[in-house]
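**Q** One structure follows; several queries about it will come next.
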Amino acid sequence: MTHPFYLFAKITPKPEHLQDVRQSILSILAQTRAEPGCLKFDLLEGREEACFYLSEEWENDAALAAHYASDYIAPIFAKYENWLAKPVEIHKMTALG
């Protein structure tokens, strides 16, 4: 049996693409939240650094894999190749208590 897990992603855009990245993520919030297996998908913006954080909770790895394979995600990942200052930092975690 698989258990839900949390994912935190730090997205650091190049300064000239800050607004592009913000809008790209905002544009997928509702669609992602409606996906089977998505329990939480929240966007936060850094207060001291020009970056974004995704706080996510997924039912299982298969649900996350299906999200990554969604037609609306691929174009955003392609744009990130030019928009980001560094690769997305992804941390998967399991709750202990």
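The values are calculated or read from the model by the stated rules, or taken from the named source; none is laboratory data. On a predicted model such as this, the values are computed, not experimentally measured, just so you know. Counting neighbours? That spans all protein chains shown, and the Cβs are built from the backbone with ideal geometry, glycine included. These accessible areas exclude ligands, DNA and RNA; they are computed on the full protein's heavy atoms, side chains included. Shrake-Rupley method; radii C 1.70, N 1.55, O 1.52, S 1.80 Å.
**Q** Taking loop as defined by DSSP and a crowding limit of 12 other beta carbons within 10 Å, which chymotrypsin sites (Phe, Trp or Tyr not before Pro) in the range 4-97 fit?
**A** Passing both the DSSP loop test and the Cβ count: 72.
**Q** Which GluC sites (Glu not before Pro) in the range 46-97 sit in a loop by DSSP (not H, G, I, E or B) and have at most 11 other Cβ atoms within 10 Å of their own Cβ?
**A** Taking the range 46-97 and a limit of 11 other Cβ atoms within 10 Å, the loop GluC sites (Glu not before Pro) found are 48, 49.
**Q** Over the C-alpha atoms of the chain, what are the Rg and the largest Cα-to-Cα span, Dmax, in Å?
**A** Radius of gyration, then largest Cα-Cα span, for the chain: 13.5, 44 Å.
**Q** Using a probe radius of 1.4 Å on heavy atoms only, what accessible surface per residue do you get for the chain? Whole Å² is fine.
**A** 63
**Q** Check each of the trypsin sites (Lys or Arg not before Pro) in the range 15-97 and keep only those in coil by DSSP with at most 14 other C-beta atoms within 10 angstrom; list them in order.
**A** Here the trypsin sites (Lys or Arg not before Pro) that fit, given the DSSP loop and packing criteria, are 47.
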